[in-house]
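Taking it in order: structure first as structure tokens, then the write-up.
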Amino acid sequence: QVQLVESGGGSVQPGGSLRLSCVASGSIFSIPTMGWYRQTPGKQRERLARITSGGSTNYADSVKGRFTISRDNAKNTVYLQMNSLKPEDTAVYYCNVDVRRTSATTTMNYWGQGTQVTVSS
């Protein structure tokens with residue numbers, strides 16, 4: 001099994017910054033892709049950013065230029081640096097990873113438990 005533990009959420013004023021972390025542990029051979037999503041009540045989960053094991057990234061237009069995704073492959077950890085936060089960034093943030101548990105298996109997808117980010121004055 002694979003476990004994802006997120007941290008770094010909290011409350012911040014508009015214009016502020018937060019850094020989210022997500023650590024993957026368990027039966028892991030490799031993690032081809034790691035990403036971050038967010039969700040607000042009544043809305044679909046929104047994909048924010050993805051990063052491959054080689055460091056290629058892509059971002060949603062809503063966060064491009066303000067959020068930066070990175071990863072530490074040695075620690076099986078993905079980060080989301082969030083700058084210039086706006087009230088509309090308020091949401092529950094989830095990490096999402098594609099894990100290969102052995103060299104012979106296909107990838108499986110896992111979600112973190114979510115961490116609340118609140119942007120308010």
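The values are calculated or read from the model by the stated rules, or taken from the named source; none is laboratory data. Fair warning: this is a prediction, and the values are worked out from it, not measured in the lab. So basically every Cβ, Gly included, is an ideal-geometry build from the backbone, and we count neighbours across all protein chains shown. The protein model used for the area step is the full one, side chains on, heavy atoms only, and it has no ligands, DNA or RNA in it. Shrake-Rupley method; radii C 1.70, N 1.55, O 1.52, S 1.80 Å.
Within segment 84-121, work out how many residues are in a loop (DSSP other than H, G, I, E, B), surrounded by 15 or more Cβ atoms within 10 Å (Cβ to Cβ) and at pLDDT 95 or above.
At the first step, the residues of segment 84-121 found to be in a loop (DSSP other than H, G, I, E, B) are 84-86, 90, 101-106, 112-114, 120-121.
Keeping just the survivors that are surrounded by 15 or more Cβ atoms within 10 Å (Cβ to Cβ) gives 85, 90, 101, 112, 114.
Remaining after also requiring at pLDDT 95 or above: 85, 90, 112, 114.
Final tally of qualifying residues: 4.
Determine, yes or no, whether Asp61 is open to solvent by less than 60 Å² (accessible area, probe 1.4 Å) and at pLDDT 95 or above.
On the way: open to solvent by less than 60 Å² (accessible area, probe 1.4 Å): no; at pLDDT 95 or above: yes.
For Asp61, the condition - open to solvent by less than 60 Å² (accessible area, probe 1.4 Å) and at pLDDT 95 or above - is not met.
Condition test on Asp72, is it open to solvent by less than 60 Å² (accessible area, probe 1.4 Å), over 25 Å from Gly16 (Cβ atoms) and modelled with pLDDT of 95 or more?
Numbers: open to solvent by less than 60 Å² (accessible area, probe 1.4 Å): yes; over 25 Å from Gly16 (Cβ atoms): no; modelled with pLDDT of 95 or more: yes.
No, not satisfied.
If you scan segment 17-29, which residues turn out to be open to solvent by 20 Å² or more (accessible area, probe 1.4 Å) and closer than 25 Å to Ser121 by Cβ?
Kept after step one, since they are open to solvent by 20 Å² or more (accessible area, probe 1.4 Å), are these residues of segment 17-29: 17-19, 21, 23, 25-29.
Residues satisfying the conditions are Ser17, Leu18, Arg19.
Can you tell me which condition Leu48 does not meet? The list is (1) crowded, with 20+ Cβ neighbours inside 10 Å; (2) over 21 Å from Ser120 (Cα atoms), and all the others hold.
Result: Leu48 fails condition (2) only.
Quick check, is Arg19 basic (Lys, Arg) and without any contact (Cβ under 8 Å) to a residue 40 or more places away in the chain?
Working: basic (Lys, Arg): yes; without any contact (Cβ under 8 Å) to a residue 40 or more places away in the chain: no.
No, not satisfied.
Assess whether Pro32 counts as being of a type outside the set (Gly, Ala, Ser), open to solvent by 30 Å² or more (accessible area, probe 1.4 Å) and either in a helix (DSSP H, G or I) or touching a residue at least 12 places away in the same chain (Cβ under 8 Å) (or both).
On the way: of a type outside the set (Gly, Ala, Ser): yes; open to solvent by 30 Å² or more (accessible area, probe 1.4 Å): yes; either in a helix (DSSP H, G or I) or touching a residue at least 12 places away in the same chain (Cβ under 8 Å) (or both): yes.
Taking the combined requirement at face value, the residue satisfies it.
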